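So the structure is just underneath, and the comments pick up after that.
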Ligand code: PMP
């Protein structure tokens, strides 16, 4: 007999026994289309590859460091991150994790009592309302302004224990204004998390606010500019007391031995490599925006390594691109925007194919035309 109800429906396959909370059952499994594509512009990773020092350490560490546990809380990695960030950041202000996903999840669990509100920018990173729900908190979407900024008054009015901002924001690519971020930090009763997963591609970041804002936690990742998404390394920076609380909920051994060695090498030896690829990404992002405009689209101005392109039918446009071997991230009915495609920036030959396919689609009568 076929097994019934595995995956998301597992609870319902056990007659008479509720094994999860009702709000937990409402959370859907995060499962975007990850099917392999010839040109994958769907996940905002570094499409130029992996930094050389990190690659060498992956090969070395694979034969040396596997039988024993890695360091409990990745102290050497914290030191390398502190040196990379500069500006007075010390290792006791850093918590690492298995991707910034893990750090954000741990922060929400540590800093928000069950039943309290996580106010988050809408639209924004799709994992945040999920992390809120699975940790017993209540996600409260706060619609972005018409300038793609955070509505500070609405955040303050929600009186959240955790305010989540993302700058540059995913999926719009737009940076939030310093003024609105500062107003949220000052005005909400709890901790403000500023997710800076894409900060390396932006003109500005908020690290300097840490000196005056003990209720600010900034999260970062090595999955984007640093090209290490497969190793799963993220971190957050904040006041030592906040960071200690997050580290307790994160638990030990979250960064594997191989990941830690590669990340330290990337942060100490590969910064020129990373900066060169970031500069290329920024150059190609602007070129992509210009080409899309010429093709009849109105992309959102981006400070990240991706561009959001409003379309009339995201599902149809996604299917048409997939038929040509190109993967992007489709969004249907995005708040304040409508249907859109998020296109990651990479080497120009990859983007060129995507632009030509989209330009062909924009012809009158085609699915997804602008
Ligand atoms: N924050 C944002 C805004 C993201 O876009 C992502 C990845 N898509 C993450 C956090 C998580 O990244 P990771 O877990 O790979 O560090």
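Laboratory data are not the source of any read-out in this text; all were calculated from the coordinates shown. Computed from a predicted structure; not experimentally measured. Virtual Cβ from ideal backbone geometry, glycine too; neighbours counted across all protein chains shown.
Values as computed for the structure displayed
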item: Kirkwood Rh (inverse of mean 1/r, distinct Cα pairs), region 169-217, angstrom; result: 11.4
item: Length-normalised contact order for the chain - Cα pairs under 8 Å, 6+ apart - percent; result: 22
item: Distant alpha-carbon pairs in region 29-168 (separation over 20 angstrom), percent; result: 65
item: Region 153-180-region 296-370 distance, computed between alpha-carbon centres (Å); result: 25
item: Relative pair counts by distance (%), Cα atoms of region 111-165, 5 Å bins; result: 5, 24, 33, 23, 12, 4, 1
item: Global geometry of region 211-370, whether rounded, prolate or oblate, following the gyration tensor of its Cα atoms and the 1.5 cut on a/c; result: prolate
item: Part-to-part distance (alpha-carbon centres) for region 69-108 and region 206-259, which is given in Å; result: 4
item: Prolate/oblate/rounded label for region 29-71 (Cα gyration tensor, a/c 1.5); result: oblate
item: Per-pair calculated FRET efficiency, R0 = 30 Å: residue 92 and residue 269 via Cβ, rounded to 0.05; result: 0.75
item: Hydrodynamic radius by Kirkwood, which averages 1/r over all alpha carbon pairs of region 262-327, in angstrom; result: 14.1
item: Which of 20, 45, 96 has the fewest Cβ neighbours within 10 Å, and the rest in rising order; result: 20, 45, 96
item: Shape of region 113-211, Cα gyration tensor, a/c cut at 1.5; result: prolate
item: Estimated [θ] at 222 nm from DSSP helical runs (n ≥ 4, -39500 (n - 2.57)) normalised by residues in the chain, nearest 500; result: -11500 deg cm²/dmol
item: Span per principal axis, largest first, for the Cα atoms of the chain (Å); result: 57, 57, 54
item: Quotient of C-alpha Rg and 2.2 N^0.38 Å, computed over region 83-129; result: 1.41
item: Percent antiparallel among DSSP beta bridges (both partners in the chain, rounded to 5); result: 45
item: Average Cα contact separation per residue, region 197-338, under 8 Å, 6 or more apart, as relative contact order %; result: 19
